[in-house]
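Accompanying notes for the structure given below.
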Amino acid sequence: MAETKVSAAEQEPEAAPEPEERGSRSLRDALRAAEVDARLLGLLGALAVIWIVFHIITPNHTFFTPRNIWNLSVQTAVVAIMATGMVLIIVTRNIDLSVGAVMAAVGMFMAVVQHDWLPAWIGFDHPLTWVIALAAGLAMGAAIGAFQGSIVAYVGVPSFIVTLGGFLVWRGVAWWMVSGQTLAPMDTLFRKLGGGSTGTVGGTWSWVLAIAACAGIVLLQFTRRRQRARYGFRLRPMWTEISIAVIACGALLLLVGFLNRYYLPPALATATGHEGENISLGLAYPVLIAIGVGIVMTFIATRRRFGRSVYAIGGNPDAAELAGIKTRRTIVKTFTLMGLLVGLAAAVQVARLNAAVSGLGTGMELNVIAAAVIGGTSLSGGIGTIVGALLGALVMQSLVSGMVLMGIEAPLQDIVVGIVLVLAVTLDTIFRRRAAR
Amino acid sequence: MIDRTGTPLVELRDIRVAFGGVHAVQDVSVDLYPGEVVGLVGGNGAGKTTLIRTLSGAHPADSGQILIDGDPVTISHPRDAKALGVETIYQNLALADNIDAPGNVFLGRELTTRFGNLDDSAMEDATRKLMGRLNPKFQNFVVPVASLSGGQRQSVAIARAVHFNARILIMDEPTAALGPAETKQVGDLIKQLREEGIGIFLISHDIHDVYDLSDRISVMLQGKLVGTVDKTEVTTDEVLAMIILGKRPGEVTQKDLAELH
């Protein structure tokens with residue numbers, strides 16, 4: 001050991017430790033203790049206000065009816081599926097402006113596969129047609145995403161430019177594939193992906209799924225609690241656990257019960273041999289797909305190393321690189337995932353329309369980005385949740401749906417949605433600034 | 001005293017780094033023995049950080065050699081350095097502000113369950129134990145590190161470096177953002193790590209920050225090494241003369257020393 005010498009540093013007086021900031025943080029600490037996300041509560045509150053106000057002001061109070069909410073759920077699905085991918089893109093400080101155009105190209109490709117190619121090989125309405133068409137679309141979407149992502153990550157061209165190029169290119173490709181024709185109709189099974197009166201799981205299965213989801217919520221809480229107890233960490237008070245379980249499961253069951261009151265139109269019920277009966281449509285496939293995507297994406301974002309890397313890159317790209325994270329590969333993966341989700345959304349959209357046109361998904365990129373941003377995703381990177389984006393998509397679609405019911409013209413709808421977008425981000429910015437203090 | 005008869009833990013030989021036409025580091029050689037603290041000092045732009053970034057993998061050298069335990073190694077990425085037991089605490093701490101303390105400690109090296117999922121509880125547990133040793137007052141394990149104080153952030157950065165059994169630790173201006181109490185804490189930690197046999201490069205622009213803690217001091221000026229001296233053989237004034245005038249202790253006159261004050 002080297003001997004110690006008296007130095008200037010030791011002559012400095014010992015200062016008191018930095019005073020910890022308390023007081024103003026106590027409310028946030030309380031919220032944190034319950035581990036309730038204030039921003040998420042805000043979104044749910046906004047959604048409740050929108051639904052209540054529209055229900056009151058729409059003629060005949062048609063907003064909060066099983067029929068309208070069911071339609072709303074199906075209409076939200078397409079944007080919601082893509083918004084979950086957009087969150088990860090934006091969190092890494094990138095953007096994807098090409099999703100609407102990619103949707104057109106991929107949708108058109110899936111239509112070509114099932115409309116022109118497969119019938120020649122395996123005949124019309126083969127039970128595998130929908131699987132092959134969907135797989136082809138997902139592969140194409142992922143490939144386009146990987147290609148654009150590689151240019152962003154490895155060549156270093158800003159994602160804004162790469163995907164702006166893609167915005168023009170893929171729309172052109174969609175047109176060029178069929179020389180501007182409209183392809184219709186789609187395969188019978190494929191069409192189920194789009195919802196509609198045949199594309200639902202029915203009332204009974206909706207209940208089964210809802211009850212399974214409740215069991216899942218409780219199981220998740222239980223595992224998490226046991227995990228924390230194993231390490232002797234502070235546990236969430238039991239009353240919070242129970243309240244959360246009761247509120248979440250109660251809301252879920254109420255919603256499904258409500259949606260199950262949307263019945264098959266009498267004429268269709270008669271045609272299927274159920275004259276005079278109330279046949280619940282139940283949850284539509286696109287809605288289940290969107291919920292499934294939301295769960296998987298939340299898992300990827302919060303429980304996997306890939307997700308952690310994505311948030312680290314968004315928070316501090318240099319730190320992520322210095323920590324040994326393969327940042328470029330991670331960026332390519334986010335774009336690939338985005339492409340895959342666009343493929344899935346394109347399948348739903350084509351199935352819903354029962355046709356593919358080169359104008360498919362026009363302007364959709366802005367809805368998707370807006371959904372993510374309304375849901376609390378920060379364009380400066382590092383912040384954003386999948387659940388937030390799903391709720392953001394629902395908020396936007398609720399506004400549109402309500403205004404349609406009120407007979408408001410499209411341009412005015414755009415004005416309102418535009419204002420809400422800016423307002424939402426303004427509130428979020430103020431909220432964040434106050435939280436940072 | 002440090003035993004310097006064996007093979008050095010690290011040897012940087014004739015390292016050269018240029019940015020465009022600017023020679024940031026010119027033919028600099030320094031070495032480090034196990035259980036030794038080498039202070040690397042020099043004014044702003046002297047090339048200390050650039051030199052050390054070649055060892056941490058943040059920026060490869062244009063030429064020169066790096067030897068660890070006497071074996072030449074190639075370090076072209078931070079991952080390579082970490083694999084060789086070289087951990088770095090950067091001046092800006094290199095933390096992801098939006099992620100909590102355990103997330104930052106394990107960034108890029110997350111603990112996972114047998115299904116490959118993040119094991120947040122295990123990481124929090126390990127971080128709590130680590131902090132119990134490094135900074136017992138640290139309690140904010142679930143908030144993003146953006147909301148922590150400078151000293152707490154420093155603790156996170158240090159925890160990250162020491163958790164993975166580093167053999168060689170690089171600390172770039174470790175106390176620049178700290179108050180006196182926290183500075184003392186970091187000093188105590190450095191002494192503790194040194195006793196565990198870890199070799200430490202301590203980088204600072206201020207000789208007073210590192211003089212006490214260092215066994216040897218290497219001084220850089222304008223990208224070149226002025227010299228490496230044993231601390232027991234020099235005074236702070238002599239080191240100051242090396243930093244400012246580029247003169248080794250024997251070359252300094254009384255007039256020079258007078259001008260420094």
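Only the coordinates and a few stated rules stand behind these numbers; no lab work does. Remember, predicted model here, so these are calculated numbers, not experimental data. Here Cβ is always computed from backbone atoms with ideal geometry, including for glycine, and neighbour counts include all displayed protein chains.
The charge dipole of chain B, taken about the Cα centre with unit charges on the Cβ atoms of Lys, Arg (+1) and Asp, Glu (-1), comes to about 360 debye, rounded to the nearest 20.
With a simple spin-label model that places each label point 7 Å from the Cα along the Cα-to-Cβ direction, the separation between B:Ser76 and A:Leu164 comes to 3.4 nm.
Would you mind telling me which residue in A:Tyr262, A:Tyr285, A:Tyr154 has the biggest mean-square fluctuation in a Gaussian network model of chain A, where springs connect alpha carbons within a distance under 10 angstrom? Judging by the Gaussian network model, the answer is A:Tyr154. Between A:Ala215, A:Ala346, A:Ala142, the GNM of chain A built on Cα springs shorter than 10 angstrom shows A:Ala215 fluctuating the most.
Against the empirical 2.2 N^0.38 Å scaling, what ratio does the C-alpha Rg of chain A come to? Don't jump to the answer; show the numbers that get you there.
Numbers: Rg = 24.8 Å, N = 437, 2.2 N^0.38 = 22.2 Å.
Normalised by 2.2 N^0.38 Å, the Cα Rg of chain A equals 1.12.
Scattering from chain B was approximated by placing one identical point on each alpha carbon and applying the Debye formula without solvent; log10 I(q)/I(0) at 0.07, 0.08, 0.09 1/Å stands at -0.25, -0.33, -0.42.
Under 13 Å of direct C-alpha separation, and excluding same-chain neighbours fewer than eight residues apart, B:Lys48 reaches these aspartates and glutamates: B:Asp27, B:Asp172, B:Glu173, B:Asp206.
Between A:Asn278 and A:Asn354, the C-beta separation translates, for a Förster distance of 22 Å, into a calculated FRET efficiency of about 0.25. How many percent of DSSP beta bridges within the protein assembly as shown run antiparallel, rounded to 5? Restricted to the protein assembly as shown, the bridges split so that about 60 percent are antiparallel.
Dividing the C-alpha radius of gyration of region B:99-165 by 2.2 N^0.38 Å, with N its residue count, gives 1.04. Projected label points at B:Asn140 and A:Arg432, each 7 Å from Cα along the beta carbon direction, are separated by 1.8 nanometres. A Förster radius of 56 Å combined with the Cβ-Cβ distance from B:Thr236 to A:Val131 puts the calculated FRET efficiency at roughly 0.15.
With the contact rule set at Cα under 8 Å and sequence spacing of 6 or more, what percent relative contact order holds for chain A? The partial results should precede the final answer.
Working: 635 pairs, mean separation 139.8, N = 437.
Computed value for chain A: 32 percent relative contact order.
Each listed q (0.15, 0.16, 0.21 Å⁻¹) maps to a log10 I(q)/I(0) for region A:144-240, found by the Debye formula over equal Cα scatterers with no solvent: -0.86, -0.86, -1.03. Can you give me the relative contact order of chain B as a percent, contacts being Cα pairs under 8 Å and 6 or more apart? Relative contact order comes out at 25 percent.
Between their Cα atoms, which of A:Lys333/B:Lys82; A:Lys333/B:Lys137; A:Lys326/B:Lys129 are more than 31 Å away from each other? Walk me through the numbers before you get to the answer.
Details: A:Lys333/B:Lys82 24 Å; A:Lys333/B:Lys137 39 Å; A:Lys326/B:Lys129 28 Å.
The pairs that break the limit, which is 31 Å between Cα atoms, are A:Lys333/B:Lys137.
For A:Ser179 and A:Asp414, what does the FRET efficiency come to when R0 = 30 Å and r is the distance between their Cβ atoms, rounded to the nearest 0.05? Walk me through the numbers before you get to the answer.
Details: r = 31 Å, r/R0 = 1.04.
Step by step, r from the Cβ atoms, then E = 0.45.
This model, with +1 at the C-beta of Lys and Arg and -1 at the C-beta of Asp and Glu, gives the protein assembly as shown a dipole about its Cα centre of some 2060 debye.
For region B:99-165, relative contact order (Cα pairs under 8 Å, six or more residues apart, normalised by length) works out to 43 percent. A dipole drawn for the protein assembly as shown from +1 and -1 charges on Cβ atoms has a positive end, and of A:Leu288, A:Gly359, B:Gln91 the residue lying farthest that way is A:Leu288.
Averaging Cα coordinates gives a centre for region B:126-163 and one for region B:24-57; these two points are 27 Å apart. Suppose we look only past 17 Å in the calculated P(r) of region A:201-283. What percent of the Cα-Cα pairs does that tail hold? Result: 59 percent of Cα pairs exceed 17 Å.
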